[in-house]
1. Expressed as an acute angle from 0 to 90° and rounded to the nearest 10, what is the orientation of the C-alpha long axis of helix 5-14 relative to the principal long axis of the chain?
2. What spacing in nm lies between the two simple spin-label points modelled at residue 255 and residue 44, each 7 Å away from Cα in the Cβ direction?
3. Any chance you could check the Cα centroid distance between segment 216-244 and segment 314-344 for me, in angstrom?
4. Determine the percent antiparallel among the DSSP beta bridges restricted to segment 65-194, to the nearest 5.
5. Can you grab the distance from the C-alpha centre of segment 352-423 to the C-alpha centre of segment 49-72, Å, no decimals?
6. Given the DSSP H assignment, sum -39500 (n - 2.57) over each helix run of at least 4 residues in the chain and divide by its residue total; what's the result at 222 nm in deg cm²/dmol, nearest 500?
7. For Rg and Dmax of the Cα atoms in Å, which listed value, (i) 23.7, 74; (ii) 21.2, 67; (iii) 23.5, 82, comes from the coordinates shown?
8. If I take R0 = 56 Å and measure r between the Cβ atoms of residue 267 and residue 14 in this structure, what FRET efficiency does the formula 1/(1 + (r/R0)^6) give, to the nearest 0.05?
C-alpha cells in the first residue's frame, strides 16, 4: 500500500513548529563523545532521544549500557511477514574547536534562510530526527508501519564506536533483521541527491616520542642530545613521499583495485574539480599519482597527520629542548584492507625508522572496516525510487572518503546488507565551525524515509 501523501502532509504541516522546537532542543545538548567532561551530556542526549522515540510510538525503548556512552534502542514489530530494518544513527557530535571561527555559539541553533546552524545539525542529529519524525508521522496517520523497525542510535561514532561491536554481538539475537539503513551520509556536490555505496574504513594511531627526562636548557644541552620534535618530524616525513604515496611497507597490498567499469562510473559523476579546489582554500590539489580526485577521495587509501604537539607554544621565546613530542595519525582504508593489519604495518615501520637517540611508542586509537554495497542490490534500488519520488531526481551513486565503522559491523557481525541513505548537503561543514543542515533537505528527507519504508516493504524478504 503506497504512502497516504495527503494525510502525511497534513500531519507534517500541523506538527512543523513542534518538530523544529524539538530539533533545536536536541542540538542544544553538547554531546561531545570524545571529551570526558561531556559524558553527562552524552547520557542526557540519549535519555532525551529515548523520550522522543516513546512519544512517537516506539516500543521497548531503552538506554543501554555499553561500557562507554549508551546505545538507545527502540522498535516497532507489528508488520507480520514484512521485512525488518535496523535504523542507525549517532547522537554524539564532534568537538567545536576552533570556537572563534563560529558565527554563533555552536550549541545555540540559529536559522539563516533555509539553513539551521549548530554542531550536530547535519552530523548526525538532524538525520536521526528525520527518521524519528517519519516514523511518528506514518504511525499517526496510518496507525501502522508497513514493515518492522529497530532503532539503534549510538553515542560513540565520533570516537571510533569503541564499544558498539561488543553491544551488537551481545544483542545479536535481539537484532535479527533483513537490512540495515544508515543515515550518516549526504548528497553529492551541488546538493544533488545521492546514495553512498562505498565508505572508507579507518585506522587511527598516536606516536609518542620522548628524549630527556625533562625539558633541557637549549644553551647547555643543544647539540648534545636529540630533540624529540625533530625526531618526530623525521618520522612523519618518512611516512609519505612527495607525490602523496604512502611509504609504509605493505600498505597497499590488500587494496581491491578499481575495475574499468568502476572508474568509468566515477568519471561520469558531475564533479566540478575547480569548484572543489576553491572550496578547500588550498592553492592546488595533491594526492596519489595515477588517480583522479574523486578516485582518491573515495576509492583509495590515505595516511594523514591530524595533529602534532610538544615543547613551548606560548608567546615569546623559551629556549628549551623539549622532553617529548606527539602526533596523531589516521589512515583511511578501502575495500579488503583491515584496520588491525594496517596499524601493525604502520607501527613496525615507525619503529624501524625511528632514530635510536629517542624512545618511540605507537599506540592504536581504534578503527573501523570499509564497506561497499552493490548498486543493483534490491534495497539500494528501493532507496533510489524513494529519493526520486520525493526529491524529484534520480540519485547518483557515490563513494565517500569518510568512515562509518558500524556499516562493516552490521555486515560482519549481523550478516546484514547495508544501505546508506543520507540527506545532508555536501558542504554542510560537518566536523568544522558553522555546521548546518539544509531545512529543505530535512523536510523532504522525512517524506523520503516514509516512502522508503513502503518501497522496502514490497521487497521479498
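Any read-out appearing in this document is the output of simple, stated calculations on the displayed coordinates, not a laboratory observation. Note that the structure is a prediction, hence the values are computed from the model and not measured. Heads up, the Cβs are rebuilt from the backbone with ideal geometry, glycines too, and the neighbour counts pull from every protein chain shown.
1. Long axis of 5-14 versus the principal axis of the chain: about 60 degrees.
2. 4.5 nm
3. What the calculation gives is 14 Å, centre to centre.
4. Numbers: 9 of 20 bridges.
Here the antiparallel bridges make up roughly 45 percent for segment 65-194.
5. 24 Å
6. On the way: 14 runs with 161 residues, N = 461.
Calculated at 222 nm, the ellipticity per residue is -10500 deg cm²/dmol.
7. Computed from these coordinates, Rg and Dmax of the Cα atoms in Å corresponds to label (iii).
8. Values: r = 46 Å, r/R0 = 0.83.
Rounded to the nearest 0.05, the efficiency is 0.75.
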